[in-house]
Amino acid sequence: MNEIAQDLNRQIQQENPYVYELLSELGKNLYYPKGILTQSAEANQKAYRYNATIGIATENGQPMFLPLIQETLSSYTPKDLYPYAPPAGKAELRQLWREKMLQENPSLKDKSFSNPLVTNALTHGLSIVADLFIDENDPLVLPDKIWGNYNLIFGVRRGAENITFPFFTQEGAFNTAGMKEALLSKKDHGKAVLLLNFPNNPTGYTPNEQEATEIVKALREVAEQGMNLAVVTDDAYFGLFYENSIKESMFARIANLHPRILAIKVDGATKEEFMWGFRVGFITYASEHPVILNALEKKTLGIIRGTISSSSHPAQTFVINALRSSEFQTEKQVKFELLKQRVLKVKQILERKEYHDAWDYYPFNSGYFMCLKLKGVNAEALRIHLLDHYGVGIISLGENDVRVAFSCVEEQELEQLFDLIYRGFKDLSAWALDS
């Protein structure tokens, strides 16, 4: 094992051995090397005459560029577009995102957490978590309503054992008791990674205040029984809270909760700021020990350096420009209200009596999606039928559930969308009776 990795591990063990026990074998071996990038960083500070360290080309005192590209980006200076960004991300962006987190998550006040590290959007951030904390057959605890890519990120790539629990209770609340039971079922293993995704994909649900309080209480009780937890909040749709729910990340409630709990926030500008293709995400750790935060940052930088080296510099510059704009909040609120109106319209549509024989729907109050629970019709069969006969696309989930993204359908078109889904349902129901 590299000496730098050994030193980082010693630091973590001295401050909090439970965090060290959470690390995977890969996580224990990770470190940020003192290589070209470190030497280049030193040169940027001290090489006042010539800096011949980093692998970019310069001309006339600035990065070399093609005029045909710069013409489309003329609002930006070449230095903010063409050089490599630091592996951790641009310092200004990291600070702006931290300030944004504090403003939008009141429960983070007076809590200790790292500066966000820039990732190539959320999938990359989640894969960093998997690398750091998952060995083969380590338990990954998550609800049964999930984003399918988790299986690739944690299961196929790292060999995690999925331990699922029903997302909702019979009453339609978040199933905190099921979450706690699933965690304690792996108590003998000693550790688990818990993945919480709110607003949830696919259901579009975020817990209310009572549910959030119950989740925190349950996690503390699990930790008090001697289990180490890495609690990951996938906050892809953060901020899109339309109705009765908490208005901050569960990360803010869980941070610094117990020595055996390491809270990790994965989020990004991709969906929060309607910048999907820019691929700018963040990963943030919470610990009362600055030494641990520093060590986890160094190990994370080791993964970034060993995989993508650094995230897109232009995309980070674009996000900085947006966050610093006086028009940012106003424009973002306009889009929020538009999505909220779609949610309210969908709920109005779903009250129609003729639909009640076709499906129930899971509670939804946030995000991009909602889910129908079909009655007597196979979800995949309906999906294919709608595509082939009505030109309508939805996502099938298991035997009975379909996900509908109201985020990408205009409000005035939502009635027709659900009418067509209903017509497809009736077609299949009639065929089943005829057969």
### Query
Where in region 293-316 does the label zone of Ile69 land, with the point 7 angstrom along Cα→C-beta and an amide N cut-off under 19 Å?
308-316
## Note on the structure
If unit charges are put on Cβ atoms (+1 for Lys and Arg, -1 for Asp and Glu) and the dipole of region 329-434 is taken about its Cα centre, the option from Leu382, Leu417, Val334 lying farthest towards the positive end turns out to be Val334
#### Entry: region 329-434 - convex hull of the alpha-carbon atoms, volume per residue in Å³
94
#### Entry: Amide proton proximity set for Tyr361, modelled H, under 5 Å, gap of 5+
Lys373
#### Entry: Helix axis angle, 209-224 relative to the chain longest principal axis, alpha carbon, degrees
60
### Query
Say the cut-off is 29 Å between C-alpha atoms; which of Lys111/Lys217; Lys79/Lys100; Lys111/Lys298; Lys34/Lys90; Lys111/Lys345 go over it?
Lys111/Lys345
### Task
With a cut-off of at most 15 other beta carbons within 10 Å, and DSSP calling the residue loop, which GluC sites (Glu not before Pro) in region 73-143 qualify? Please list them.
Glu136
### Task
With runs of 4+ DSSP H residues as the only contributors, calculate the mean residue ellipticity of the chain at 222 nm using -39,500 (n - 2.57) per run, divided by the residue total and rounded to the nearest 500.
-13000 deg cm²/dmol
### Message
Quick check: pseudo-label points 7 Å beyond the Cα along Cα→Cβ at Arg423 and Ala41, how many nm apart are they?
### Response
6.0
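Any idea what the dipole of the chain comes to, in debye rounded to 20, about its Cα centre with Lys/Arg Cβ at +1 and Asp/Glu Cβ at -1?
Numbers: 45 positive and 54 negative charges, 220 e Å.
For this selection, approximately 1060 debye.
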### Query
Where the only charges are on Cβ atoms (+1 Lys, Arg; -1 Asp, Glu), what is the dipole of region 270-322 about its Cα centre, to the nearest 20 debye?
240
### Task
Using the number of other C-beta atoms within 10 angstrom as an exposure proxy, rank Thr119, Thr330 with the fewest first.
Thr330, Thr119
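For Ser40, Ser112, Ser127, what ranking results if the residue with the fewest other Cβ atoms within 10 Å of its Cβ goes first?
Numbers: Ser40 18, Ser112 15, Ser127 21.
Listed from fewest to most nearby Cβ atoms, that is Ser112, Ser40, Ser127.
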### Task
Extending each Cα 7 Å along its Cβ direction at Asp110 and Asp388, get the distance between those two points in nm, one decimal.
6.3
## Note on the structure
Here the relative contact order (percent) of the chain, from C-alpha pairs under 8 Å and at least 6 apart, is 18
## Note on the structure
Amide H contacts under 5 Å for Phe369, restricted to residues at least 5 apart in sequence or on another chain and with H modeled in the peptide plane, are Gly204
### Message
Students often check this: by mean Cβ neighbours within 10 Å, which of 195-205, 352-362 ranks highest, and how do the rest follow?
### Response
195-205, 352-362
### Task
Could you tell me the distance between the Cα centroids of region 94-144 and region 64-85, to the nearest Å?
31
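Quick one: grab the alpha carbon gyration tensor of the chain, order the square roots of its eigenvalues as a ≥ b ≥ c, and give me rounded if a/c is under 1.5, else prolate or oblate depending on whether a/b is larger than b/c. Mind showing how you got there, number by number?
Numbers: a/c = 2.08, a/b = 1.38, b/c = 1.51.
Taking the square roots of the gyration eigenvalues as a ≥ b ≥ c, the chain is oblate.
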### Message
Considering only C-alpha atoms, what is the centroid distance from region 368-384 to region 329-358, in Å?
### Response
19
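For the peptides 15-23, 306-314, what is the packing order when you average, over each peptide's residues, the other Cβ atoms within 10 Å and list the highest mean first?
Details: 15-23: 19.6, 306-314: 16.4.
Taking the mean over residues of other Cβ atoms within 10 Å, the ranking is 15-23, 306-314.
Laboratory data are not the source of any read-out in this text; all were calculated from the coordinates shown. The structure presented is a predicted model; accordingly, all values stated were derived computationally and were not measured. Don't worry about glycine lacking a Cβ; one is built from the backbone with ideal geometry, like all the others, and counts go over all protein chains shown.
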